[in-house]
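One structure is given below, encoded as structure tokens.
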Amino acid sequence: MSQSLESLLGQAAQLRRAGRTAEALAAYERLLAAHPDLPDSWYNLALLQRKAGRPEAALASYDQALRRGVSDPEEVRLNRAVILSDDLRREVEAEAELTAALALNPRYVPALLNLGNLHEDRGRRAEAVAAYEAIVALDPADPDALARLGGLATPSGSDDPLIGRLRGAIGRHGPARDAALGFALGRMLDAAGAYDEAFAAYAAANAASRASGTARYDRAAMEAQVDALIAAFPKPWTGPPVAGTRPPPVFVCGMFRSGSTLAEQVLASHARVTAGGELDLIPAMTRGPLAPWPASLKATTPATLDTLAAGCLATLSAIFPAADVLTDKRPDNLMHIGLIKRLFPDAKIVNSVRDPLDNALSVYFLHLDHGMAYALDLMDIGHYQRQQQRMMAHWKSLYPNDILHFDYDAFVADPRAPLERLLAFLGLDWDDNCLAFHKLDNAVKTASVWQVREPLYQRASGRARHYQHQLAPLKAWLEESGS
């Protein structure tokens, strides 16, 4: 190996390990321009390109790694599948990559897990179960596959064998996996009607999830964040729309688990609407070029905001070139409506709302990322709900005609009138297909993936009645605080 090659390799690796992404990218590009037959370096370049938000370039670099004989090619196929599915929404191609990975190594569990998850996104329950069962066939005690199966199975009763297997697996794999197993156990017990046992399982799962990390919900910080946003946007923005390659998306937001996925699926069943799913474009601005948000707003020029808006529209056009009306369903965009309306003055906002006790219970019963630390405690969930309501009341006071509340409970009880209001708000004609949203053949990457695959049902509305005793403290607090 020449000194020049050694030097280039060392420099690129050092920059990558230091987290200096842009410099590491440039170093690997220089290295590979001079020495292209380095499959591991193509692999590292692909990792950096995805991290830098260049998914197409990452796919090309992974392809170079494969062509040049990278070791463990099934891992490269898996990484390509993740990019195709999560970044580019090309699920058919993602499935082909996972199939190729398993052809190389039929026992490659990460590919089986991702294949099962992809089948779930696409509403293919039997195929997802088959993927997870293939893992269990390799290792009957695999906690990830057992938890996934527990999230899909219909229990025969509280003595279902899978319930016993989930119970037996808890306590053997550390708190993170105990949490996943516990949430699956709670779901099966709830479905079996064993409500007290289900709540106990969910409480233990949330405790395990808390023990697996350091995230804690800071009530004072949340209140301060809402205060800062209200102060940053004291009045409505009335500037002209930004010129772009397409109209802005319809922003669907709301408290997590309040019906935003249902709202998007209903809209996506319309002939003119395409579901964008949970896009990270707006939150990424507040973490990146607009950080620290919202303090940066005072020093941010109108030209910078216009550039960000135009770039966002160009990205959407590249990912969804055929979309007429596009939705962006991010529940947490509720906190960013001021920014959305500054970037896109003509944007329409659909805010999903739901009975607060049902909503809180649904959040507590779901295994969520620690970025949503409030979800680990019922009283924290209630506090977060109140702050979201305070935030939305402010946005609604600024933009009363551009924000529509989509009431989940009213919709499932009698859908026609709420649907008529929703379509009229967006300037869309009536489409009967919107009431057959469960037949839509698209990928749904949220926790509501299976609920929106079913015809309209009311069993989740009023679900809190099964847990009146456990919810009594939260109910009292919400009533006292004026919810």
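Coordinate-derived values only; no laboratory data. This structure is a prediction, so every number in the text was calculated from the model and none was measured. Neighbour counts are summed over all protein chains in view; Cβ atoms, including those assigned to glycine, are modelled from backbone coordinates with ideal geometry.
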Practice prompt. Rank by packing, highest mean first: peptides 366-379, 221-234, with packing defined as the count of other Cβ atoms within 10 Å averaged across residues.
Written response: 366-379, 221-234
Fill in: Prolate/oblate/rounded label for the chain (Cα gyration tensor, a/c 1.5)
oblate
Discussion item. Once you order the gyration tensor axes a ≥ b ≥ c over the Cα atoms, which shape class does region 139-213 get: rounded for a/c under 1.5, otherwise prolate or oblate by comparing a/b with b/c?
Written reply: oblate
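Under unit Cβ charges (Lys, Arg +1; Asp, Glu -1), what dipole magnitude, rounded to 20 debye, does region 232-480 have relative to its Cα centre? Display every interim value, and only then the final one.
Values: 24 positive and 25 negative charges, 80 e Å.
Roughly 380 debye for region 232-480.
Calculate the FRET efficiency for Thr301 and Trp477 from the Cβ-Cβ distance with a Förster distance of 56 Å, rounded to the nearest 0.05.
Approximately 0.80, to the nearest 0.05.
Which entries in Lys341/Lys396; Lys329/Lys396; Lys298/Lys396; Lys235/Lys341 show an alpha-carbon gap greater than 21 Å? Mind dumping the intermediate values first?
On the way: Lys341/Lys396 12 Å; Lys329/Lys396 18 Å; Lys298/Lys396 23 Å; Lys235/Lys341 11 Å.
Flagged as over cut-off: Lys298/Lys396.
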Discussion item. 7 Å from Cα along Cα→Cβ at both Thr238 and Gln14: what's the point-to-point distance in nm?
Written reply: 5.8 nm
Worksheet, complete the sentence: Yeah, region 35-125 with a ≥ b ≥ c from its alpha-carbon gyration tensor (a/c under 1.5 is rounded, else prolate when a/b outruns b/c, oblate otherwise) is oblate
Worksheet entry | Net charge contributed by nearby residues that have their C-beta within less than 15 Å of Ala27 (K/R +1, D/E -1) | +1
